[in-house]
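Student: Handing you this structure, nothing more for now.
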Amino acid sequence: MTGVLLKCLVLALCVGAHRLLAVPRAEEDDGSGDSASTLAFVFDVTGSMYDDLKQVIEGASRILERSLNRRTRPIKNFVLVPFHDPDIGPVSITTDPKKFQQDLQELFVQGGGDCPEMSIGAIKKALEVSLPGSFIYVFTDARAKDYRLKRDVLQLVQLRQSQVVFVLTGDCGDRSQPGYRAYEEIAATSSGQIFHLDKQQVNEVLKWVEETVHSMKVHLLSSNHDSAQENKWEVPFDPSLREVTVSLSGPAPQIELSDPYGRVVGEAQGLKELLNIPNSARVVNLKFPRPGAWKLKVSCSGRHTLRVTGVSNLDFRAGFSSVPVSEFNQTRERPIKGDDFMATFLCLPGLPAHVLLKCTGLKPPGQLNHVELVSGSGRSLRTIPVPLPSDLGQQGLWRLPEFRTPSQSFFLKGTGKDEEGYRFQRLSNPPAVSMPDVVKGFYMQPVVIGCSVESDVPYRLRFTRSGITLGDEKFFQNSAIASWEIGHASAEDEGLYECIAQSSAGQGRALTQLTVRDPPPVLKSAVNVTSSVGGVAVLSCQVEGSMRHNLTWYRAGRAIRARVGRVRLLSDSSLQISGLRTQDAGEYHCVATNTHGENKITAWLHVPGTAGTIPRRLLLWKFTPRAGLSPKGTRSASSARRPAPRLPSSSGAMETCFLLISREVPRITVAQQVVIVSVGGDATLECQATGVPPPLVHWFKGELEVGSALFVEQDVHRGTLHIRGVQEVDAGQYSCVASSSAGTTAGTAILEVGVGPLFSEAPIDVTASVGENITLPCTVRGSPQPSVTWRREDGRQILTRADSNSRTMQLESGHLLIQSVWLDDEGLYICEAKNQFGTIKTEARVGVTGLEPPLLAHGAPIITTGIGQSLSIPCMLLDGIPLPERHWSHNGKPVQLTGQMFLRSDGSLYIERAAPEMLGHMSALR
């Protein structure tokens with residue numbers, strides 16, 4: 001399901017046509033407005049989930065109704081991701097609650113299958129299409145089969161800051177398996193939880209979901225524990241907290257909450273139990289708690305997680321930088337990270353970090369006192385005092401002194417006092433950067449969809465539409481601006497476009513909606529007119545195409561609207577001037593407008609002076625060179641002669657001086673039509689322009705002008721464009737436009753960027769049973785397209801096409817196919833890709849398992865029959881991988897099969913007529 005307009009994702013949309021200046025992170029709402037989140041259900045549609053599905057459909061109706069009745073609506077859209085091994089989807093995305101309910105109703109459970117399911121891939125899909133800060137609920141009765149995707153999901157969780165809650169009505173019976181531990185890590189990283197329920201208890205969790213979907217949710221406390229224990233916490237509740245929710249997931253959960261006076265609060269004091277499942281979870285909620293220091297005591301009899309959240313407009317965001325900065329839009333959402341994502345932040349140990357905190361809802365004299373770096377179990381790793389800013393916090397920005405990041409994952413916990421002196425406490429929950437909702441394009445005109453990425457590490461970037469990748473994936477070393485260009489936009493191009501950047505530090509995504517409308521009128525180029533005094537001049541103004549428009553002529557800022565007279569409009573919107581006078585010469589502007597905008601051209605009317613009023617005089621022209629005039633002026637395509645006062649000459653004749661103002665339309669010569677450079681190299685495009693007056697040269701990519709940045713320089717006088725550290729996105733056609741008062745001329749140059757091989761899909765170690773078929777993927781990209789070859793470490797040959805004598809072959813896609821795996825297929829396989837810009841290789845090990853020795857069933861030791869009678873001696877095979885061959889012997893010698901004695905398909909020996917010489921010991925060999 002597409003067509004939904006999404007907002008607030010990771011990357012910022014820019015208007016540049018290629019890589020220029022990094023766009024600062026967009027400032028976001030202060031929290032007072034409505035937030036935009038997604039409610040996503042990830043549902044296992046195997047046959048065993050039938051009862052769960054019925055309850056989810058009923059619960060979803062309540063959740064939608066409750067959400068839509070709130071004054072502030074936290075839910076902007078709804079996502080449904082069904083999965084059933086091996087398929088995921090189709091994904092439903094809608095802003096219409098009724099459509100979401102209809103999609104739920106249309107789900108149907110199917111089949112059964114093995115217990116582990118493709119659940120992690122489905123969660124990944126839900127995170128990819130959901131807005132930041134969303135609510136994702138996973139319903140399944142099986143652990144994950146595709147747990148190797150956990151890393152990708154953890155990166156998305158950290159990037160989106162969404163919460164993932166698991167509602168499990170089964171787990172395949174073993175919670176030590178990596179497929180189950182992946183659920184635990186995802187829940188812990190996202191401040192979510194796992195609930196183990198009986199199938200009839202799913203409805204209870206959905207009631208809790210109704211209560212917890214909030215638009216102004218803040219985090220107060222988070223801890224994870226691997227063993228049974230009792231913990232006590234002191235949590236300050238400040239006056240801005242409208243409600244507080246304590247959620248404890250684990251066996252035998254117990255929660256005790258005491259007010260600032262030490263009194264245990266219960267139902268009589270407003271404590272509401274949202275969920276109570278004795279061996280799985282307990283959730284309680286308290287609205288408008290009394291401000292002060294509350295005591296929280298929790299316990300579980302095994303591994304458990306604790307989350308304390310609230311509803312408040314007082315919160316903070318953390319921005320990271322490697323050097324001190326003064327503006328929040330100069331920071332990043334996360335510090336420089338390592339390869340794993342286990343909690344809110346994970347850094348390279350020992351790196352210096354600077355943090356700028358942006359507080360909302362905190363007014364002076366309230367202040368932030370200190371920030372703690374807190375581990376996943378809630379243990380304080382470091383406490384950093386927060387200096388009071390010079391403006392006393394009026395702007396809401398608080399700067400931490402430089403500190404060294406710890407080697408483990410951590411949260412930021414900020415504590416301070418509000419303007420009334422009450423202590424407050426918040427955990428970090430940095431959101432993603434916002435981007436515009438819509439990109440507007442004009443029908444049959446070029447459209448550029450831009451994407452700005454801030455990154456300190458190399459990354460790959462691609463554009464997608466409806467899940468389909470557009471063009472080739474690009475590679476960047478650091479922050480850059482990329483774009484997807486549509487040459488001639490039409491209604492078919494409208495829809496949702498996504499920009500995806502993937503690096504070792506994580507994945508960022510941004511979405512925007514493209515709308516296409518009719519363009520402003522497009523005018524044909526102006527034609528200058530020269531006519532003599534007393535004559536007639538017609539200035540034309542023509543609009544290309546058949547679009548509706550209004551057209552107006554202007555002279556010296558005044559509109560010309562007359563249809564009759566010496567200066568009048570003709571039926572085709574041309575401007576006619578009769579009885580020309582010298583004062584009619586000059587600029588005329590034609591402006592065409594419609595509801596979508598306007599366009600204008602300038603036409604020049606030249607009316608030369610005349611000396612024909614002086615009879616019987618010889619008129620001589622004399623050219624006196626003046627500074628600043630080109631000697632080519634006599635060939636001017638556009639000139640104006642201004643008469644000066646008449647002066648008597650020494651010969652008695654009258655001499656009139658004219659100042660010749662010369663104009664020559666610019667001419668362009670492209671120094672090199674095609675420039676080829678490798679990624680990271682420097683490229684110079686040059687257009688040599690001449691004309692009078694000297695033109696200025698500007699460079700364009702698509703319809704947008706190339707600006708200047710640290711890595712881009714253009715010299716408008718020399719006509720050069722210099723790009724340092726060229727990236728793939730810089731490739732394309734560039735236009736150099738030379739312009740002056742005499743006109744405009746354009747030329748084109750093409751920049752081709754060569755890229756060394758990069759793996760899009762690399763092989764991984766695989767273990768297969770004897771007789772299975774396996775495929776080792778090896779997909780590469782680069783420019784030009786790299787060649788792929790496979791080889792074995794032991795030097796054995798691998799064919800590049802199918803051969804009847806080989807079970808191992810390289811496919812056209814570059815993948816390696818091994819059919820009917822056997823023991824000698826074990827070993828290390830190497831995939832190598834190369835083009836003129838480099839060579840890369842990777843390797844994968846193939847292991848072979850599953851050998852089982854032959855096993856025959858024991859039959860009767862003695863078989864008696866009569867001479868001349870038929871006889872069948874069984875040979876039942878119980879086991880054996882690969883399938884064993886069966887052979888018979890008689891008294892230790894191989895049986896000679898004849899028409900009277902032959903083998904049946906089940907391996908039994910059939911004797912047509914028994915004879916005395918057949919007496920003896922018959923054996924089946926394997």
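Student: Taking the stretch 852-893 as the search range and keeping residues that are out of contact with any strand residue (DSSP E or B) (no Cβ under 7 Å at 6 or more places or on another chain) and under 27 Å from V770 (Cβ atoms), which one is least open to solvent (accessible area, probe 1.4 Å)?
Tutor: Taking the candidates together, the pick is P882.
Student: Filter the stretch 517-546 down to the residues that are touching a residue at least 40 places away in the same chain (Cβ under 8 Å), open to solvent by 40 Å² or more (accessible area, probe 1.4 Å) and assigned to a strand (DSSP E or B) and list them by number.
Tutor: Across the stretch 517-546, the qualifying residues are R517, V522, T530.
Student: Considering only residues that are open to solvent by less than 30 Å² (accessible area, probe 1.4 Å) and more than 30 Å from T842 (Cα to Cα), which ones fall in the stretch 741-765?
Tutor: A742, G743, G747, A749, L751 - these are the residues of the stretch 741-765 that are open to solvent by less than 30 Å² (accessible area, probe 1.4 Å) and more than 30 Å from T842 (Cα to Cα).
Student: Among strands (runs of 3 or more DSSP E) lying entirely in the stretch 132-218, which contain 2 or more residues that are open to solvent by 10 Å² or more (accessible area, probe 1.4 Å) and at pLDDT below 80?
Tutor: none
Student: Would it be correct to say that N313 is assigned to a loop (DSSP other than H, G, I, E, B), in contact (Cβ under 8 Å) with a residue 12 or more places away in the chain and touching a His at 6+ places or on another chain (Cβ under 8 Å)?
Tutor: no
Student: So, in the stretch 86-102, exactly how many residues are of a type in the set (A, V, I, L, M, F, W, C) and part of a loop (DSSP other than H, G, I, E, B)?
Tutor: So the answer is 1.
Student: Sticking with this one: If you go through the stretch 854-884 one residue at a time, how many are out of contact with any Pro (no Cβ under 7 Å at 6 or more places or on another chain), farther than 17 Å from M918 by Cα and at pLDDT 80 or above?
Tutor: Residues meeting the conditions: 1.
Student: Scan the stretch 719-738 for residues that are in a strand (DSSP E or B), open to solvent by less than 40 Å² (accessible area, probe 1.4 Å) and not β-branched (V, I, T) and report the count. Spell out the reasoning first.
Tutor: Here is the first cut: in the stretch 719-738, the residues in a strand (DSSP E or B) are 720-723, 732-738.
After this cut, where a residue has to be open to solvent by less than 40 Å² (accessible area, probe 1.4 Å) as well, the list is 720-721, 723, 732, 734-738.
When the remaining residues are screened for being not β-branched (V, I, T), the result is 721, 732, 734-736, 738.
Total satisfying the criteria: 6.
Student: Just wondering, is there one or more residues in the stretch 761-774 that are under 25 Å from the mean Cα position of the chain (by Cα) and either part of a strand (DSSP E or B) or farther than 24 Å from C831 by Cβ (or both)?
Tutor: yes
Student: Would you please list the contacts, defined by Cβ atoms under 9 Å and residues six or more apart or on different chains, that run from a residue in the stretch 285-309 that is touching a residue at least 60 places away in the same chain (Cβ under 8 Å) and on the phi > 0 side of the Ramachandran plot to a residue that is open to solvent by 20 Å² or more (accessible area, probe 1.4 Å) and assigned to a strand (DSSP E or B)?
Tutor: That search, which allows pairs on different chains as well, returns G292/R423.
Student: Does the stretch 781-803 contain any residue that is part of a loop (DSSP other than H, G, I, E, B), basic (K, R) and over 28 Å from the mean Cα position of the chain (by Cα)?
Tutor: Yes - at least one qualifying residue is present in the stretch 781-803.
Student: Give the stretch 768-797 a look and list any residue that's without any contact (Cβ under 8 Å) to a residue 40 or more places away in the chain and within 29 Å of D472 (Cα to Cα), or say none.
Tutor: Listed by number, the residues that qualify are P777, T779.
Student: Return the total of residues in the stretch 828-838 being out of contact with any Asp or Glu (no Cβ under 6 Å at 6 or more places or on another chain) and open to solvent by less than 80 Å² (accessible area, probe 1.4 Å).
Tutor: Number satisfying all stated conditions: 7.
Student: Given (1) of a type outside the set (S, T, N, Q); (2) open to solvent by less than 40 Å² (accessible area, probe 1.4 Å); (3) free of Cβ contacts under 8 Å to residues at least 24 places away in the same chain, where does R807 come up short, assuming only one miss?
Tutor: (2)
The values are calculated or read from the model by the stated rules, or taken from the named source; none is laboratory data. Just so it is clear, the model here is predicted, and its values are computed rather than measured. Note that each Cβ is placed from the backbone with ideal geometry, even for glycine, and that neighbours are counted across all protein chains shown. The protein model used for the area step is the full one, side chains on, heavy atoms only, and it has no ligands, DNA or RNA in it. Shrake-Rupley method; radii C 1.70, N 1.55, O 1.52, S 1.80 Å.
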